Amino acid sequence: MLVIADNLSVRNKAYMEAVKKKDKKAIEAMAKELAAKGADIINVQVTTDGSGDEDSLPFAAEAAQQGAGIPLCLDSRNIRALRKAVPLCKEPPVINYLSADEKNADEILALVRESKSHLILRALKGTVPATLEAKLMILEDLIEKANAADVPNERLFADPSVVHISKGNGQEHLMNAHESIIVLNEMVDPPLNTTIWISNVTSGLPKNLKSTVASAYLSYLAGAGLSAAMVNVNDAELMKTVYLIKAFRDEITFAAGDLA
């Protein structure tokens, strides 16, 4: 399972302050620490709506790349920002994300194709769909568009999307996302990757419950065959769960001392 660190986001006050002040060394240090704690990929976000990303995203991406030396996930739909940031990555990044709402889908797909980047396809159309059928319908359409743009399944990550477990029909969303992972693994050929933003599940929960809920849900999804997860790598309990999942899948060699 690939670990995508979600720590360099707008929710991280220290990181956003470093972005605002153009403190490259601070971002480099943060990224280096995330890699040391087990991140395989680092998600880099500078805004939630893409405004101003053409200036901030390349700066943050370059700093994170130099600090960590591992692949990046560029979290923006701002095509101008992405065009500036992608060449700064040492290897093709993951673009996060393309949904059914994107008006510039063709431009994003062209960039992904030309740069040989990976792409997250998110089940989102106005709002996050609640049913299994709705999630799969959106993802199927996005997969077809990506394939038509010569982006192969091996470079795609399907994200069924989840909402907070304590919000409305949160539990139903989480269950349907789990079922989506199973169906995608069984029905899509050639196979593609799957991912989910685990931290979104626990948003709004008391701090003392976040690690337990995130760890349990990640284990639940791992049983369905999840390929990658966006997680808080500073969460020691959650990272122990990640370690055990990788050990159970024979992706690493288990050593009891690693869990100490």
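Some observations on this one:
- Residue among N12, N185, N200 with the largest mean-square fluctuation in a Gaussian network model of the chain, springs linking Cα atoms under 10 Å: N12
- Using a probe radius of 1.4 angstrom, the carbon and sulfur fraction of the accessible surface of segment 1-146 is 51%.
- Average accessible area per residue (Å²) across the chain - probe 1.4 Å, nucleic acids and ligands excluded: 46 Å²
- Computed FRET value (nearest 0.05) for V10 with V183, which takes r as the C-beta separation and R₀ as 51 Å: 0.95
- Ratio of Rg to Rh over segment 81-134 (Cα coordinates, Kirkwood Rh, two decimals): 1.05
- Paired Rg and Dmax values of segment 28-154, which use every Cα atom, in angstrom: 14.8, 43
- Distance between segment 1-54 and segment 194-260 - C-alpha centres, whole angstrom: 20 Å
- Taking 0.36 nm per residue of separation and subtracting the Cα-Cα distance, full extension of the segment from R113 to S203 would add 29.0 nm.
- Potential extension, Y220-D141 segment - 0.36 nm per residue separation minus Cα distance: 25.8 nm
- Distant-in-sequence amide contacts of C73, defined by a placed amide H-H separation under 5 Å and a gap of 5 or more residues or a different chain, comprise I42, N43, V44, V94.
- For the chain, built as a Gaussian network whose Cα springs stay under 10 Å, the top-fluctuating residue of A216, A130, A146: A216
- The translational diffusion coefficient of the chain, from Stokes-Einstein at 25 °C and 0.890 mPa s with a Kirkwood hydrodynamic radius over alpha carbon pairs, comes to 133 µm²/s.
- For Q66 and M175, a Förster radius of 45 Å and the Cβ-Cβ distance give a FRET efficiency of 0.65, rounded to the nearest 0.05.
- Dipole of the chain computed with +1 at Lys/Arg Cβ and -1 at Asp/Glu Cβ about the Cα centre; of N208, P92, F157, farthest Cα towards the positive end is N208.
The values are calculated or read from the model by the stated rules, or taken from the named source; none is laboratory data. Values in this document were obtained by computation on a predicted structure and should not be read as measured data. So basically every Cβ, Gly included, is an ideal-geometry build from the backbone, and we count neighbours across all protein chains shown. Areas reflect the complete protein model, heavy atoms only, side chains present, ligands, DNA and RNA absent. Shrake-Rupley method; radii C 1.70, N 1.55, O 1.52, S 1.80 Å.
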